[in-house]
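K.L.:
Before anything else, here's the structure in question.
What follows draws every value from the coordinates through simple rules; no lab data is involved. Since this is a predicted model, take the numbers as computed values, not measurements. Methodologically, a virtual Cβ is constructed for each residue, glycine included, from the backbone with ideal geometry; neighbour enumeration extends over all protein chains shown.
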Amino acid sequence: MSAEEDLRFLRNFQRLLDEGAFVSTYKFALLQALADLAVERNPQPDGRLPLPVTALAGKFIEYFWRQVLPYKDGKALAYNTGRQAAVVHRVREARAQYHGNLAEAQADAGAWSALEGEVARIIRTMPLWKLQTVGNQTVEFLYRKADYRDGQIILLPGVAAALRQFHGLLTHLIRGGWVTQVQRIAANRQILGDTTDLPSFLFGIERQALNRFRGVLREHQQGACFYCGRRVTNEGELDHFIPWARYPLDVGQNFVLAHGQCNNAKRDFLAALPHLERWRERNIDSTELARRLHDRELPSDGARALVVARWAYAQGASSRAQLWVQGREFRQVAAGWEQVLR
Ligand SMILES: [Zn+2]
């Protein structure tokens, strides 16, 4: 796309967020699902990207999985004005059935695809064909109703590329709107009070899951810091290897155990190539890690982590990002990452 087309795309996207008429937060979940799937899946040579509505449903379930938890004093938030959103009911039931364990729910293949099917039906009747309506206008710049068949929508040429390129910016916009919408729902005002942790509640990772990941990674790295190799004598910190700010990927393969000091120095930077090589070897190619995650029913998906890493380093290369080596040492992203991630 040309710079002008990029701008038009962003303007249209902004319009959906600002002017689209919605009483539920489905709009935000749908936009986030489109952006995430554009990163995780490759478009066709003609630039179009077919997406099954069940794949969008899978993303909805993931997003709402943590949002259905009680927010404060055992009270859950509403995600719709009026009646609670239907997806929330279904996800809450599934959460109870699998004791909150998403990986376990996903592993129960038959029940999971039935759940995806149900949520897909809700998406088809609710947000899918309303998303691109602003005022009395329909602006079909993402996908067209006329192209829908066999349970798939098709992102128009260039849309997947734009979603990939602007993923960080769009996520920021989507989440801002999402938080505001939740705050605006009258039923939530009392529950929210003057709390300030709503964004991390809506989009963060559950603390309990973090602790379980930490145990697995400590074992997998034999107690050593992933970045400097020295022993982690205290609790240590769990770092998102592909920074969470760039893409919120909460599968075990994207976590490493590190010293607080190393983790703080790395912040939201991508790691330099020696780290990347070691990550690939230990976390992606290692069946050992997958087995450990599987044994503890934690989310595990090496293929997805690799795809997201390729996207993140390609983004980094095109913006000439600095890669973090150690302490305050950085290196310009250089050719070579493609070899490591091929
Ligand atoms: Zn360290």
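K.L.:
Treating the angle as unsigned and between 0 and 90°, give the value, to the nearest 10°, between the Cα long axis of helix 86-97 and the longest Cα principal axis of the chain.
P.N.:
40
K.L.:
Using the alpha carbons of the range 186-342, what is the convex hull volume per residue in cubic angstrom, as a whole number?
P.N.:
Dividing the Cα hull volume of the range 186-342 by its residues yields 141 Å³.
K.L.:
With n ≥ 4 as the cut-off for DSSP H runs, can you work out [θ] at 222 nm for the chain, using -39500 (n - 2.57) per run divided by the number of residues, rounded to the nearest 500?
P.N.:
That calculation yields -16000 deg cm²/dmol at 222 nm.
K.L.:
Taking the Cα centre of each part, how many Å lie between the range 65-111 and the range 144-194?
P.N.:
About 19 Å separates the Cα centre of the range 65-111 from the one of the range 144-194.
K.L.:
Karplus couplings for the range 309-322 from phi (6.51 cos²θ - 1.76 cosθ + 1.60, θ = phi - 60°), rounded to Hz, Gly and Pro as x?
P.N.:
In residue order, the calculated couplings are 5, 4, 4, 5, 6, 5, 4, x, 5, 6, 9, 6, 5, 8 Hz.
K.L.:
Expressed as a fraction of 2.2 N^0.38 Å, the rule-of-thumb size for a compact globular protein of N residues, what is the C-alpha radius of gyration of the chain?
P.N.:
The reported ratio for this selection is 1.01.
K.L.:
Next question. Using only the alpha-carbon atoms, how far is helix 167-184 inclined from the longest principal axis of the chain? Give it as 0 to 90 degrees, nearest 10.
P.N.:
With both axes taken from Cα atoms, the answer is about 60 degrees.
K.L.:
How much length is gained on full extension from ALA335 to THR287, taking 0.36 nm per residue of separation minus their Cα-Cα distance?
P.N.:
14.5 nm
K.L.:
Related question: Would you please state which residues of the range 214-245 a label at GLN326 would reach in this model, taking the label point 7 Å out along Cα→Cβ and a backbone N cut-off of under 12 Å?
P.N.:
Once the point is set 7 Å along Cα→Cβ of GLN326, 225-231 turn out to lie under 12 Å by backbone N, inside the range 214-245.
K.L.:
A follow-up question, please. Could you pull out every one of the lysines with an alpha carbon less than 25 Å from that of LYS75, ignoring same-chain neighbours closer than 8 positions?
P.N.:
LYS27, LYS59
K.L.:
Taking the beta-carbon count within 10 Å as an exposure proxy, list HIS294, HIS167 from fewest neighbours to most.
P.N.:
HIS294, HIS167
K.L.:
Looking only at ALA114, ALA258, ALA29, which one moves most when the chain is put into a Gaussian network model with springs between Cα atoms under 10 Å?
P.N.:
In this elastic network of the chain, the residue with the biggest mean-square fluctuation among ALA114, ALA258, ALA29 is ALA114.
K.L.:
Just want the ordering: VAL119, VAL307, VAL232, from fewest to most Cβ atoms lying within 10 Å of their own Cβ.
P.N.:
Fewest-to-most ranking of VAL119, VAL307, VAL232: VAL307, VAL232, VAL119.
K.L.:
If you place +1 on the Cβ of every Lys and Arg and -1 on the Cβ of every Asp and Glu, how big does the dipole about the Cα centre of the chain come out, in debye to the nearest 20?
P.N.:
In total the dipole reaches around 360 debye.
K.L.:
Given Cα pairs under 8 Å that are at least 6 residues apart, what percent is the relative contact order of the chain?
P.N.:
This gives 19 percent for the chain.
K.L.:
May I pose another question? On C-alpha positions alone, give me the angle between the axis of helix 3-19 and the longest principal axis of the chain, in degrees, nearest 10.
P.N.:
On a 0 to 90 degree scale, this one is about 60.
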